[in-house]
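In what follows, a structure is listed as structure tokens, so that the remarks can point back to it.
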């Protein structure tokens, strides 16, 4: 198997695990920030052990890179917290579908960072995507749980769009393990204050689920995805990521009995179609 096919398989497997990870927001009766704290904590420990085992150099090449990775860790903490908050206040379907708007944000952000003119087609894509989001939300009221879930999901998508572009920048400089470790270690530090603010009570079941979420569905999957970017274009990876809500929604229907409504299905088809188009044409 050549390197490109290997990286492609890594991204597919990572996306499948990402789709499953959303269900943990329903399995754990803990605040979203605490779920992410546990996720990042156990994942960073696993990644550090793995880095030491394979003898990767954890030191960064430039001091400015530490600043970038701190920013990336903060973005990861926000992305994951808003993602789980979206699922907890609404449904797995709404959380995953609204988060899936992130490639559209990439379409808008890349011209800004590259100092290029925004195309009319990009604006039209955003309008159609917004239509899909409006269909996912039954009634647009701030007090409505579906509306809240969609808003959190959009914030999650926006922060992930920025994070994915930064990951692409550094994956050519460092091992995916090192990048993932720094991001999740910083996310852990950022979220520690919420442990004292929320004062959660953990059961043994909660801890075991957090360990599983941290190691398998985060440490392994995150490393696979970042490593897969080495020989795979960002837009190709984004298209594959479009399968994440499909996996998550199907499994939520089977395991949680969360059957999406016809509006959610139609909105999801519109969102995923625009996501596919916007990433394919980049």
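Where a number appears in this text, it was derived from the coordinates with a stated rule and is not lab data. Being a predicted model, the structure only gives us computed values, none of them experimental. Heads up, the Cβs are rebuilt from the backbone with ideal geometry, glycines too, and the neighbour counts pull from every protein chain shown.
For the range 3-280, the fraction of C-alpha pairs more than 33 angstrom apart is 18%. Is the range 14-102 rounded, prolate or oblate when judged by the Cα gyration tensor, a ≥ b ≥ c being the square roots of its eigenvalues, rounded requiring a/c under 1.5 and prolate requiring a/b larger than b/c? Judged from the Cα gyration tensor, the range 14-102 comes out prolate (a/c at least 1.5, a/b above b/c). Note: relative contact order over the range 1-124, using C-alpha pairs below 8 Å and six or more positions apart, is 27 percent.
Please say if the range 229-274 is rounded, prolate or oblate, where rounded means a/c under 1.5 for a ≥ b ≥ c the square roots of the C-alpha gyration tensor eigenvalues, and otherwise the choice is prolate for a/b larger than b/c and oblate otherwise?
Oblate.
Averaging Cα coordinates gives a centre for the range 1-50 and one for the range 57-106; these two points are 12 Å apart. Across the range 3-280, C-alpha contacts under 8 Å between residues 6 or more apart give a mean separation that, scaled by the residue count, equals a relative contact order of 41 percent. The listed peptides 84-97, 48-61, ordered by packing as a protection proxy, come out as 84-97, 48-61 (highest mean of other Cβ atoms within 10 Å first). The GNM of the chain, with springs linking C-alpha atoms under 10 angstrom apart, assigns the highest mean-square fluctuation among 105, 27, 225 to 27.
Looking only at 192, 271, 34, which one moves most when the chain is put into a Gaussian network model with springs between Cα atoms under 10 Å? With Cα springs under 10 Å in the chain, the top fluctuation among 192, 271, 34 is at 192. GNM remark for the chain: springs join alpha carbons under 10 Å apart, and the peak mean-square fluctuation among 231, 198, 63 falls on 63.
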